[in-house]
Every structure is written in structure tokens, then in C-alpha cells.
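J.: I'd like to ask some things about the structure below.
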There are 2 protein chains.
Amino acid sequence: MLKRIECVPNISEGRRPEVIAAISQAVARVPEALLLDQSSDHDHNRTVLTLVGSPEGLKNAILALYEAVLSHIDLRQHEGKHPRMGAVDVVPFIPIRDVTMKECVALSREVGQTVADRFGIPVYLYAEAATQPERAVLANIRKGEFEGLTAKMADPAWRPDFGPAQPHPSAGASAFGARFFLIAYNLQLDTPDVKIAQAIAKAVRASSGGLTNVQAMGLYLAERNQAQVSMNLLNYARTPIHRVQELVKSEAARFGARVLSSEIVGLIPQEALLEAAAHYLQVENWNPDLVLENAILRKESTEQREKP
Amino acid sequence: MLKRIECVPNISEGRRPEVIAAISQAVARVPEALLLDQSSDHDHNRTVLTLVGSPEGLKNAILALYEAVLSHIDLRQHEGKHPRMGAVDVVPFIPIRDVTMKECVALSREVGQTVADRFGIPVYLYAEAATQPERAVLANIRKGEFEGLTAKMADPAWRPDFGPAQPHPSAGASAFGARFFLIAYNLQLDTPDVKIAQAIAKAVRASSGGLTNVQAMGLYLAERNQAQVSMNLLNYARTPIHRVQELVKSEAARFGARVLSSEIVGLIPQEALLEAAAHYLQVENWNPDLVLENAILRKESTEQREKP
């Protein structure tokens, strides 16, 4: 079996196609790292890259990513709807196959340390890799954003885990960590009123009394003249996507608003969608092994084990 | 690449566990044929076996199936809610991977001919393998069922494609053919009134003005004291499962009835459920490549092709 880890770096550029292409090409050239997906958002001015690979392949891919980003992105010229503190803003490692969370934590620390040493960029460890409880939540680390980093780092409580205690001039700081698979999921409303999206976000997110494992914020999308509930689903197995969807619809109705459409940013595990289908179709005998492709894979691997 | 065909024989036994086990074990022993699933229904008194394999593996598996069925099932003692004309009632071949419909048609004819010759069982060709237009529809062939076979076969229009023009005493006749993937899908209602299920079935099925690619009938399930709309979805890509579900819900409301639950009989292709999820979640950027597992498979096979 081959160790498989996913890595989903978020970079602070979503508007210049030639810059995004140069960066993704630098990453795609690295052996043992597959660039699975690349998703840019103009309003957020942010791109999410999805890599899958071996620990060594991902380490090399992230180092190649930093080299390309440092020569193309200057945060002093960056503006967008999404909070950010770094040109490479956040680098999470996610266990996929034959690998433990502990191994992903170790890898995030190793690569974060190397980035700090080689490029002089301060690195914070977050999520499962956090060294202090308040750093487990990315929003705490990122609070104040790029523009507030110098002041924040002067506070001993916010010394970075690796690298200098001052931001890199053009690249700010980065957060490295390990976590479970995150689904980035947005719901567009039939109103341009951002206050409605914000009220819905407040109602559904964990931090203000809503669903656990859900982060949410309300945004206004100028391009579409629509308000959006922008969410991260941190554990789709325990807090499934359809429950989030239905709660947002219910809260929207409070304001006479409706969900126009949803958007999956990056990739989504098959299981999350299959569970949603089983929910809406009311399947009483639901079991992932009812899926033809799963049944074939499972049977093939059983037969392979049984043959010498 | 390995040729992969699915074969889903339906046998007329769903009540005697020891008989079902003996038959499925006989099939599972055959090399190059995986027995993926086995689903028995007490009210239908019928079992659906799902096999995936190479053409040669499936041929041997079907011959093994007939040997076991002939020694265990006597249709003269059979009763059940589902129409049937044979102990092995119907044997469809479905293209799955690296195989054309034409190859499946050829295989169904080859295996059907062998069964007729070896066991003296009359065989009709249906669906894509049919030799006459009215035989494309299985219900036309099966009309009159086991009990009506002798009279039906006296009519020259209903001579079987292979084998004798009289039913096998205990095993009746079989239909062999090739078709696209069929989803067997049942919806349970919150009423025991079979007339409501029959009216809904009539409204949604192709034969009486409903959705194309949908076969439906209304049944009463004594075990549960519920009426059921029992359906075959013949082309889930063109007539998706969620559209059928919503139409049944709408027609049920006409009678003040509701759908309590659904049931997937046998297996269902991943794509059918993913499309349902995308529908109910209103995903505006939907694409099967958003699914992590698909993206990994696609990328891995691309990289394999690119390396010498």
C-alpha cells in the first residue's frame, strides 16, 4: 500500500490567470505529488490548490510552491473578501490512505520548519498540529490579518512556532497544520443583502451556537450582486452537508430569502455526496456497499488478498 | 485493461435461505466472476444476483447457476408478487468497462444458446439482443407467466429464439439479453392501499404516459402492511432517480399519501447517487471530477499513461 496524504495550500491570488498558472505549473512538475485541482475565486482573490502525494512528494511540492509564490505575489498589493495573513496563507495536511493523523502532524511540522528556515517566513502551527490550545483555531491565528502581523507578533503570546517574530515583507506569515478533510461549501442567496447572509452564518456556525464542525461567514459577491453564506464543513461524517443545507434554507426563510445555488470549492469526498443522496432519497437500506464501484473495489481487493 | 461485464440473473426463489445459499455458493466458486451482491425479497419470492466478470467467467457462472437452480427450484410450487416465467427468470448482460453493448449482445446469445442446448430450456432474447421488436420489452415475453407458457409457445409468433417450443417442466423459460444498467428502486407509502400505489405507478411509468425509461407497478407488502411503488429505472443518465422520486411524491400527494422510505435493490452506480446529491444540494458547478476519489483515479491513470 502507498501512503497518501492530501495537502490543500491556499494562496492569496485569485485574479491574475498568468500568475496562478505559473504557480500551479511549478507545483505540478514535482514527482510523487499530483495536482488534483485548482480553484480560484475572484472576489476572495484566493486560489485553493489540491495536491495528493507521498510525504516526500508533498514536501517538495510545497517548497516549489513557496519559490513560485515569493516571486509573483506581494501581499502589500493584495485585496480580497477572504481574510488572509500570508501569500501562502495556510497549508493543511490531511490523511487519505494508509496514514495516521499523527504522521500528518509530523509532516506539517517538518515542512513548516523547512519553509521558515529557507525563506525566512514565520510559521504558525494550527489544528491538530497546534502547540497551544488557542492556536488550534485558524481564525485566532489569522485575526488582524497581514496588515496587523507586526503588532501581533510583538506580543509574546503570538510568537510564531518557527521562523522570525516579524512578518516576511511580501509574504506575511503562514499557518501549517494537520486536520480532517474540509469541505469548502458556499450557498448563494436570492438577495444582495449581506446582512441576511451574515445573520444566517451566525445562526448555523458552531462559534455562535449553531452546528458543530461548521464555520460560516456572510459575504457580498459584487460580481453577481448576491449575498453568500461561505462555509467550511470540518467533519462531514459527523455534521453532514445536507443538514447544513437544510438549516441554511430554514434560516433564510426567516428573512424571506431562498438558496439559489451551492458551490463546491475544491474537491469533495464521494462519501459526503453519497450520504446526501441517501438522505434526500430516503433510502432505508443505505450502505456505501450498495454502490457498484465500491462493491467491485472491495471484492477485487478481497480476492487479491486470498490469492497467494 | 480488463473487459468487465455485469450480469444480473433473477431467480425465482426469495424465501428459502438454504436454497438461496446453495445457489449463490455454486456461482461464487467460478473463477473470473465476482459475486458482488445478492438480494432476496420475500414478498416477490425472488433473488437478484449481481455478478461482474470477464465474458468467459460469466458464461461459466451462468452455467453453474442453472445446474444449481435446476436441482433446487420447481416453478410448479412457486408463488410470489413478482411476475416470472422461469426458475432462472431473466439473465441480462450489462457493459461496465472496456466493452461495447454489441459484445454484450453477442455474449447473451452465446450463453443463451448454450443453456438451451445443455438444459433443454427455451430461451427468448430481449432488450438490445431482441430478434423482433415486440421482444425488446421483457414484459411482452413474460406476459402469461410460467402458467401460460405452454399455450403461448403454441403461437408461432412466440417460438423461443433457442431451445424447444415448450416450457421446461420445472424451470419454465428464460429471457437472455443485453441492456444498460438498471436500477431497481422501490418507494414505500404511508398507506396500505395498493390502489394508490397502482395509480402512482401508472402516472409515472413510460407505458402509460409517464417518464421514459421508467417501469413501475403498485404492490401491497403484507409483511409491512404498506403499499409500494416498485420500479425499474432503465436509464438513470437520461431519467435520473431524483426526478422519479419527486414525481412519485407529487402524485402521492394527490391521494394525501407520502413516501415513507426508498429501497435500492441490488447495486446502484455511483454516478446515479452523485447526480441526485448535486440536484438536491443545488450544486451550480457540479462535475463528477469534483469528487476526490474520481480526481485521484483520473490523475493516476493519466500519469501511468505518460510514463513509459
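The values are calculated or read from the model by the stated rules, or taken from the named source; none is laboratory data. All values reported here derive from a predicted model rather than from experimental measurement. Positions of Cβ are backbone-derived with ideal geometry, glycine not excepted, and every protein chain shown enters the neighbour counts. Areas reflect the complete protein model, heavy atoms only, side chains present, ligands, DNA and RNA absent. Shrake-Rupley method; radii C 1.70, N 1.55, O 1.52, S 1.80 Å.
J.: Where residues in the range A:289-300 are surrounded by 16 or more Cβ atoms within 10 Å (Cβ to Cβ) and in a helix (DSSP H, G or I), which of them is farthest from the other protein chains (Cβ to nearest Cβ)?
T.: Checking each candidate, the answer is A:Asn294.
J.: Out of the range B:56-94, which residues are free of Cβ contacts under 8 Å to residues at least 60 places away in the same chain, among the acidic types (Asp, Glu) and more than 12 Å from B:Arg46 (Cβ to Cβ)?
T.: B:Glu56, B:Glu67
J.: In the range A:189-208, is there at least one residue being over 22 Å from the mean Cα position of the chain (by Cα), within 14 Å of another protein chain (Cβ to nearest Cβ) and not β-branched (Val, Ile, Thr)?
T.: Yes, some residue in the range A:189-208 is over 22 Å from the mean Cα position of the chain (by Cα), within 14 Å of another protein chain (Cβ to nearest Cβ) and not β-branched (Val, Ile, Thr).
J.: Out of the residues in the range B:221-259 meeting the condition of being β-branched (Val, Ile, Thr) and under 22 Å from the mean Cα position of the chain (by Cα), tell me which one is nearest to the other protein chains (Cβ to nearest Cβ).
T.: Ranking the qualifying residues of the range B:221-259, first place goes to B:Ile241.
Condition check ((1) over 25 Å from B:Met231 (Cα atoms); (2) modelled with pLDDT under 95; (3) not in a loop (DSSP other than H, G, I, E, B)) across all residues:
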position	(1), (2), (3)
B:Asn140	no, no, yes
B:Gly144	no, no, no
B:Thr150	yes, no, yes
B:Met153	yes, no, yes
B:Ala157	yes, no, yes
B:Pro160	yes, no, no
B:Ala165	yes, no, no
B:Ser170	yes, no, no
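J.: Among the residues of the range A:260-271, how many are part of a helix (DSSP H, G or I) and either of a type in the set (Gly, Ala, Ser) or more than 7 Å from chain B (Cβ to nearest Cβ) (or both)?
T.: 1
J.: Something else: When you go through (1) touching a Pro at 6+ places or on another chain (Cβ under 9 Å); (2) over 16 Å from A:Ser174 (Cα atoms); (3) open to solvent by 20 Å² or more (accessible area, probe 1.4 Å); (4) within 14 Å of another protein chain (Cβ to nearest Cβ) one by one for A:Val48, which number turns out not to apply?
T.: Checking A:Val48 against (1) touching a Pro at 6+ places or on another chain (Cβ under 9 Å); (2) over 16 Å from A:Ser174 (Cα atoms); (3) open to solvent by 20 Å² or more (accessible area, probe 1.4 Å); (4) within 14 Å of another protein chain (Cβ to nearest Cβ), the one that fails is (2).
J.: If you don't mind, another one. For the list (1) touching an Asp or Glu at 6+ places or on another chain (Cβ under 7 Å); (2) open to solvent by 30 Å² or more (accessible area, probe 1.4 Å); (3) closer than 22 Å to B:Ala26 by Cβ, I need the number of the one condition that B:Met101 fails.
T.: Of the numbered conditions (1) touching an Asp or Glu at 6+ places or on another chain (Cβ under 7 Å); (2) open to solvent by 30 Å² or more (accessible area, probe 1.4 Å); (3) closer than 22 Å to B:Ala26 by Cβ, the odd one out for B:Met101 is (3).
J.: Identify the single condition in (1) in a loop (DSSP other than H, G, I, E, B); (2) surrounded by fewer than 18 Cβ atoms within 10 Å (Cβ to Cβ) that B:Asp43 does not satisfy, given that it satisfies every other one.
T.: All conditions are met except number (2).
J.: Can you name the residue in the range A:185-213 that is hydroxyl-bearing (Ser, Thr, Tyr) and assigned to a loop (DSSP other than H, G, I, E, B) and, of all such residues, is most open to solvent (accessible area, probe 1.4 Å)?
T.: A:Thr212
J.: If A:Leu63 satisfies every condition in (1) in contact with a Pro (Cβ under 7 Å, 6 or more places away or on another chain); (2) part of a helix (DSSP H, G or I); (3) more than 14 Å from chain B (Cβ to nearest Cβ) but one, which is the exception?
T.: Status for A:Leu63: all satisfied but (1).
J.: With the condition kept exactly as written, say whether any residue in the range B:241-258 is closer than 23 Å to B:Gly80 by Cβ and open to solvent by 40 Å² or more (accessible area, probe 1.4 Å).
T.: no
J.: Sticking with this structure for a sec: Do you know which of the residues in the range B:89-122 that are among the acidic types (Asp, Glu) and farther than 19 Å from B:Arg4 by Cβ is nearest to the chain's Cα centre (by Cα)?
T.: B:Asp89
J.: Name the one entry in A:Ala222, A:Ala175, A:Ala216 that is free of Cβ contacts under 8 Å to residues at least 24 places away in the same chain and either closer than 26 Å to A:Leu75 by Cα or open to solvent by 10 Å² or more (accessible area, probe 1.4 Å) (or both).
T.: A:Ala216
J.: Report yes if A:Pro17 is open to solvent by less than 20 Å² (accessible area, probe 1.4 Å) and either within 30 Å of A:Glu223 (Cα to Cα) or touching a Gly at 6+ places or on another chain (Cβ under 7 Å) (or both), otherwise no.
T.: In short, no.
J.: May I ask you to verify whether B:Leu274 is touching a Leu at 6+ places or on another chain (Cβ under 6 Å) and within 13 Å of chain A (Cβ to nearest Cβ)?
T.: In short, yes.
J.: Please determine, by comparing only the residues of the range B:92-128 that are part of a loop (DSSP other than H, G, I, E, B) and not acidic (Asp, Glu), which one is nearest to B:Arg15 (Cα to Cα).
T.: Per the criteria, the residue is B:Ile121.
J.: Same structure, new question: Can you name every residue in the range B:26-40 that is in a strand (DSSP E or B) and of a type in the set (Gly, Ala, Ser)?
T.: B:Ala33, B:Ser39, B:Ser40
Per-residue answers, yes or no, for (1) within 21 Å of A:Arg298 (Cβ to Cβ); (2) not in a helix (DSSP H, G or I):
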site: B:Ile5; (1), (2): yes, yes
site: B:Arg15; (1), (2): no, yes
site: B:Ser24; (1), (2): yes, no
site: B:Val52; (1), (2): yes, yes
site: B:Val90; (1), (2): no, yes
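J.: Which members of the range A:277-288 meet the condition of being part of a loop (DSSP other than H, G, I, E, B) and either within 7 Å of chain B (Cβ to nearest Cβ) or open to solvent by less than 30 Å² (accessible area, probe 1.4 Å) (or both)?
T.: Once the filter is applied, which keeps residues that are part of a loop (DSSP other than H, G, I, E, B) and either within 7 Å of chain B (Cβ to nearest Cβ) or open to solvent by less than 30 Å² (accessible area, probe 1.4 Å) (or both), the range A:277-288 yields A:Leu281, A:Gln282, A:Glu284, A:Asn285.
J.: Just a yes or no: is a residue in the range B:240-256 at positive phi and outside any helix (DSSP H, G or I)?
T.: Yes; the residues of the range B:240-256 include at least one that is at positive phi and outside any helix (DSSP H, G or I).
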